[in-house]
Amino acid sequence: MGSKELATLVHVSYIQSLGKATDDLAYHLTAHLRLNAIYWGLMALCVMKHKDALDRGEMIEFVMSCWDDEAGGFGAHPDHDAHIVPTLSAIQILHILDAPDQVDVPRIVSYVISLQNSSGSFSGDQFGETDTRFTYCAVSILSLLGKLDTLDEQKTIGYLRKCRNFDGGFGNTEGAESHAAQVFVCVATLAILDRLDEVDQDMLGWWLAERQLPNGGLNGRPEKLEDVCYSFWVLSSLSILKRVHWIDANSLISFILSAQESMASDLEGGGIADRPGDTADVFHTVFGAAGLSLLGYPDLDDLDPVYCMPSRLIESLGLKKDWVALGRRTL
Amino acid sequence: MQRLLVESLDTHQEYVPYGERPEWQDLTPIQQDEGSLAPLAPIMYGDEYKDSTNYFRAIVQKGEYSERVLEITEHIIRQNPSHYSVWQYRYDTLLAIKADLIAELELMDEIATTFLKTYQVWHHRRLLITHLRAPRPELMFIANALQADKKNYHTWAYRQWILAEFNEDELWDGELPFVEQMLSDDLRNNSAWHHRFFVVWESGVRAGEEDRETLVKREIAFTKTKIARAPNNASAWNYLRGVLERTSSPFSVLEAFVTPYAQPPSPEDESEWVSDDEASSTKSPTAKSSDLAETADDAVLDLENPIPSARAELPCPQAIEFLADIREQSAQNNGTTARSDIDEAIKLYASLATKYDTMRERYWEFRQREASKLIPAIA
Ligand SMILES: [Zn+2]
């Protein structure tokens, strides 16, 4: 596995420090991602078995302050409009914190359903942008809330089918290029709906395995650079397709570990970057840690690749699908 | 994917705080609600951003749709183009006050070029074009935007949307030359290969392309020349495979072409290897005949099957896989020599697993097992 190890404690304090830099301009310019970022931070902590490192009460209060009562969904920040992505983040956070009863389920369900278009696609908000990511958000939300029966499955799957490409992958909209993150959202959606028969699993598995580059890292499309976040998009898809062993785990583990900020020069930093030498952020920290978990890296908690939530939680909700990650190693 | 990068804010020199502008005096700015994560220290972040978003909140609370909404939302977008609520309010305002959408589009020409990576920019454009119903100038705009960022996912998706949404012959007419230009700039641009598939195979049958067999031949010939130029280009091989599968063409039509790419270099050539294979192949059908005469030596010249250049990095795993697929198909179609075909396919997969693509060893082992399952079927 190489000499490098995951600097768990450094990453935990990195995530704890993120909420404290609120006087930075950068913090305010990323307000449109705040709720997502809290989910990413919390999920990274769960994977590293330090779920309690952030204050539960504060998080729940913040989530609830993002509720957009006019729309019936959550915005990314208290005065931002509701959007389907932070709405999923809110529900994920509340479930992880064992506070799912805080939300107004009927209103969220009708908000989510209202975002489906006649083509079967989902918009992210009233502004109307469509993306298969939003389909995933919708289906994941409905599933977590136990309301999948309200979804028009035929229409939803029909749209995903139109986003499937000749190379076996999926794009973000009809006609768009295959991209590993879009493959994840489509495959995970189909997994939730028990419709993996919609994909040519060998062909797609091969396309995903082809994402691994000689340095061990994964890219998101052919002839693009490797990036730590694809560790999650590609590995979760492969886990759902039960083909995660088709990539070389050891070299990918080394790649992710080498992108740790603490491994660069200053051990104070913490967090994981998109690739070695770059600046860490919470987005790449969670997806790097999630990738390591799916690869069986020692002493991490199991992650459900379909929901990107703690595996035990998904199991306790009765939502676990038939996926396979690599077995947990011992140090 | 989504980056948390932040654009620098050095764009505005003549910024005057809204509180000092007479035309904004009627509003009381609303501070950002920090929820439970309120900072203990006083807010230090950029005054300009804070000021403009405070007044924006006041506008929203008032439910005002007016000319000055366009001013303040543009100001915020220039500081933070990912602020989706601001985009949404701007769009609602444009419609509510029946603003000149052509002027808006012109403004967006400039803003989109500055913030290419922000998807709100593209979605806003899409909404404007949906109203204006004027897609033709868009293709030129997109072509220019792609010059700045040749693989930008949202820019390409926007082009595909324009073509499919308006679906006019004049729009489609220029697409093939456009793709060829993009591929001649960078023949490894997967977005361009994808777009080629979209244009040729996913958008209906256009005039002059009714004869699908000729079309298949044209596409195969085109791809072969690109592979000859850069053999280790997954995008081109995937395209080739996609064409054959889409048209249910037998892989065997490519056997003569693929074979030299699947051969390891002979030992005496090995010292001449260079690291990459983008050497210009003087043996492509488009090359001048004098070049061909010089380099072809005693090899039999086959214009339909351009061979890799002497400096190409061989063998190509994709070519070996292709050859193995050809053997498998042949085994399924041909009872008498079937067993040797399967053995050959298994040998090819084994060479990938143990030598030429060891990173994906487990995948190639899987392919060996799958191939051996064909044995009882043909026995
Ligand atoms: Zn990334």
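The values are calculated or read from the model by the stated rules, or taken from the named source; none is laboratory data. Everything numeric here is computed off the predicted structure, so don't read it as measured data. Backbone-built Cβ (ideal geometry, glycine too); neighbour counts: all protein chains shown.
Select from region B:333-377 the residues that are within 14 Å of chain A (Cβ to nearest Cβ) and either among the charged types (D, E, K, R) or not in a helix (DSSP H, G or I) (or both) and list them in ascending order. Selection gives B:Asp357, B:Arg360, B:Glu361, B:Arg362, B:Glu365, B:Arg367, B:Arg369, B:Glu370, B:Lys373. Is there a residue being in contact with a Pro (Cβ under 6 Å, 6 or more places away or on another chain) and within 16 Å of the ligand (Cβ to nearest atom) anywhere in region A:280-299? No.
Would region A:186-202 turn up any residue that is within 16 Å of the ligand (Cβ to nearest atom), closer than 23 Å to A:Leu292 by Cβ and either within 15 Å of the chain's Cα centre (by Cα) or within 11 Å of another protein chain (Cβ to nearest Cβ) (or both)? Within region A:186-202, not a single residue is within 16 Å of the ligand (Cβ to nearest atom), closer than 23 Å to A:Leu292 by Cβ and either within 15 Å of the chain's Cα centre (by Cα) or within 11 Å of another protein chain (Cβ to nearest Cβ) (or both). Within region A:211-233, the set of residues being more than 16 Å from the ligand (Cβ to nearest atom) and crowded, with 23+ Cβ neighbours inside 10 Å comprises just one member, A:Pro222.
A:Arg275 - would you say it is within 15 Å of the ligand (Cβ to nearest atom) and under 24 Å from B:Tyr356 (Cβ atoms)? No: the conditions fail for A:Arg275.
The C-beta contact set for region A:272-292 (first residue over 16 Å from A:Val12 (Cα atoms), second residue near the ligand (Cβ under 10 Å from one of its atoms) and in a helix (DSSP H, G or I), distance under 6 angstrom, 6+ apart or interchain) comprises A:Asp274/A:His284; A:Gly291/A:Ser231; A:Gly291/A:Phe232. Can B:Arg218 be described as within 14 Å of another protein chain (Cβ to nearest Cβ) and modelled with pLDDT of 95 or more? So B:Arg218 does not fit the description; no. Is region B:249-265 home to any residue that is within 14 Å of another protein chain (Cβ to nearest Cβ) and in a helix (DSSP H, G or I)? So far as region B:249-265 goes, no, none of its residues is within 14 Å of another protein chain (Cβ to nearest Cβ) and in a helix (DSSP H, G or I). One residue alone among A:Leu208, A:Leu241 is away from the ligand (no atom under 14 Å from the Cβ), more than 8 Å from every other protein chain (Cβ to nearest Cβ), farther than 13 Å from A:Leu295 by Cα and surrounded by 24 or more Cβ atoms within 10 Å (Cβ to Cβ), and that residue is A:Leu208. With respect to the numbered conditions (1) in a helix (DSSP H, G or I); (2) within 16 Å of the ligand (Cβ to nearest atom); (3) surrounded by fewer than 17 Cβ atoms within 10 Å (Cβ to Cβ); (4) not hydroxyl-bearing (Ser, Thr, Tyr), which one is the sole condition not fulfilled by A:Arg312? Of the numbered conditions (1) in a helix (DSSP H, G or I); (2) within 16 Å of the ligand (Cβ to nearest atom); (3) surrounded by fewer than 17 Cβ atoms within 10 Å (Cβ to Cβ); (4) not hydroxyl-bearing (Ser, Thr, Tyr), the odd one out for A:Arg312 is (2).
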